Amino acid sequence: MSDQSWLDYIPLLLEGAALTIIVTFISMIGGTSIGIILAIMKISSSKLLQGCANTYGGLVRGLPLLVQILLVYFALPALTGVRMPAVVAGTAAITLFTGAFMAEIIRSGIQSVDRGQMEAGRSIGFGHWQTMRLVIWPQAFWVMLPNMVNQFSITLKDTSLLSVIGVVELTMAGERIYTMNFDTIRVLAMVGVIYLIIYLFAERVAAWLERRVSA
Amino acid sequence: MISAKDVHKSFGSLEVLKGVDLTVSPGEVVCLIGASGSGKTTFLRCFNGLEMADKGEIIIGDTPLLAPATDINKVRQRIGMVFQQFNLFNHLSALDNITLGPIRLRRLSKAQAETEARDLLALVGLADRAEAMPRMLSGGQKQRVAIARALAMKPEAMLFDEPTSALDPEMVREVLDVIRNVARGGMTMVIVTHEMGFAREIADRVAFMHAGTIHEIGPPDQVFGAPRERRTQEFLSKIL
């Protein structure tokens, strides 16, 4: 048992937490971008685009995320000769993974908006994409938001898998501490509390956004 | 003037329009009546390309709607459309519903668009509801905002697709009053309606649609008072 104060763990844990937050945000932003493109492909009338988007979704959702992280980290350099730092490879893998789930969230959000909204926009003289931007997206966003927060919580926790390829995010930071001093339970409890705080903060931001709009 | 010539439209194997002709003169009000499934809504929607006719010709002013070179968005700006389900933009206030088109498409300044929009809201009797969100409006109020939104584009003609069918009975009148006012202002209009009393009062001509064609057309007194076709007689005897 260590005689160290738990306060001494905080700097390293916060460093890990910072990386966790950064990776989560990049993955969410990148995943949302991929999700928008995939969602547009899914609702397009082209069978080819639909097929591509669905194949992507099937592959990404069918394989364990851990396998995907290892594939991007080990297999991609072997195939292309480009070696990426672990944090880059890991973030890329999580981004690609998140994108497949965001695509479904975005697709169902767009399709939840009544067809009449598109017709009303078009009948005024707006083009398809203009109507999407001015009428459909602003309404779909509020349908998507709770699911996006849910996805945020999943992605946040998924980043812990990056510890496997040596990225010192929050979970790995904790592991580094307790493998040295064996204060395992206390360190893991602190790690857990930090994950929870990040999630609760994101959830409050979303709730605040929603309140502001419905006010 | 808007006109349709030999318009055909199928959904899959179902032929909904089987060669419809109609010419509406400037300032004229034509009411389309007929049973459900007779094609009247589909025909109305062909006039602004919400349904694309498979065959035939649609002329708006002097623009052929179906010609490949025609910018359909430009044509739609010239024709207002009012829907059965109102279709107000749910995320925008009554005022913003009305100003969206004028600001983005007519390139009016926000102030100018809002001045015009407030005048239109006054015209439809909703001057005090400018800031209201659609969910706070009754069906009749929503439909009046929708009419104001269509008028804000300063259209040459207006299409109404069963504008009172989704309304509670006590709200039908306030909407019909607004439509009547617009008609009296000289607007060219095509109205799909089940309100026979209203059609008889407001229409210059009434067209009875049956099985994808205009079966009988004429002044309301003739179509309602002395219909020539047996189908028209049958239809009217069921609903009057």
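A few points about this structure:
- Where helices (runs of 4 or more DSSP H) fall entirely within region A:11-86, those with at least 3 residues that are without any contact (Cβ under 8 Å) to a residue 12 or more places away in the chain and among the hydrophobic types (A, V, I, L, M, F, W, C) are at A:47-62.
- Residue count for region A:92-121, restricted to those that are more than 14 Å from every other protein chain (Cβ to nearest Cβ) and either polar (S, T, N, Q) or touching an Asp or Glu at 6+ places or on another chain (Cβ under 9 Å) (or both): 6
- Within region A:189-215, the set of residues being more than 23 Å from the chain's Cα centre (by Cα) and either β-branched (Val, Ile, Thr) or under 19 Å from A:THR155 (Cα atoms) (or both) comprises A:VAL213 only.
- Residue in region B:32-39 that is away from chain A (no Cβ under 13 Å) and assigned to a strand (DSSP E or B) present: yes
- Residue check for B:ILE179: touching a residue at least 24 places away in the same chain (Cβ under 8 Å), within 26 Å of B:ILE60 (Cβ to Cβ), in contact with a strand residue (DSSP E or B) (Cβ under 9 Å, 6 or more places away or on another chain) and not in a helix (DSSP H, G or I): no
- Set B:LEU44, B:LEU32, B:LEU120, B:LEU22: member being of a type outside the set (Gly, Ala, Ser), out of contact with any Lys or Arg (no Cβ under 9 Å at 6 or more places or on another chain) and surrounded by 18 or more Cβ atoms within 10 Å (Cβ to Cβ): B:LEU44
- Restricting attention to region A:118-154, the residues being more than 19 Å from A:ALA202 (Cα to Cα) and either of a type in the set (Asp, Glu) or surrounded by fewer than 20 Cβ atoms within 10 Å (Cβ to Cβ) (or both) number 12.
- Condition broken by A:ALA89, with the remaining ones in (1) in a helix (DSSP H, G or I); (2) closer than 25 Å to B:ARG76 by Cα satisfied: (2)
Residue-by-condition table, conditions (1) in contact with a Ser or Thr (Cβ under 9 Å, 6 or more places away or on another chain); (2) under 22 Å from A:GLU119 (Cα atoms):
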residue	(1), (2)
B:LYS5	yes, no
B:HIS8	no, yes
B:PRO26	yes, no
B:VAL29	yes, no
B:ASN48	yes, yes
B:GLU51	yes, yes
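- Hits in region A:80-113 (condition: surrounded by fewer than 20 Cβ atoms within 10 Å (Cβ to Cβ) and farther than 30 Å from A:ARG133 by Cα): A:THR80, A:GLY81, A:VAL82, A:ARG83, A:MET84, A:PRO85, A:ALA86, A:VAL87, A:VAL88
- Flag if A:GLN117 is in a helix (DSSP H, G or I), closer than 30 Å to B:THR42 by Cβ, polar (S, T, N, Q) and within 28 Å of the chain's Cα centre (by Cα): no
- Where a residue in region A:162-188 is at negative phi and its partner, wherever it lies, is of a type in the set (D, E, K, R), with Cβ under 6 Å and at least six apart: A:LEU162/A:GLU169
- No other residue among A:ILE136, A:ILE124 is out of contact with any Pro (no Cβ under 6 Å at 6 or more places or on another chain), within 14 Å of another protein chain (Cβ to nearest Cβ), more than 26 Å from A:ARG61 (Cβ to Cβ) and modelled with pLDDT of 95 or more apart from A:ILE124.
The values are calculated or read from the model by the stated rules, or taken from the named source; none is laboratory data. Quantities reported herein were computed from a predicted structural model and do not represent experimental measurements. No Cβ is skipped: glycine too gets one built from the backbone with ideal geometry, and neighbour counts run over all protein chains shown.
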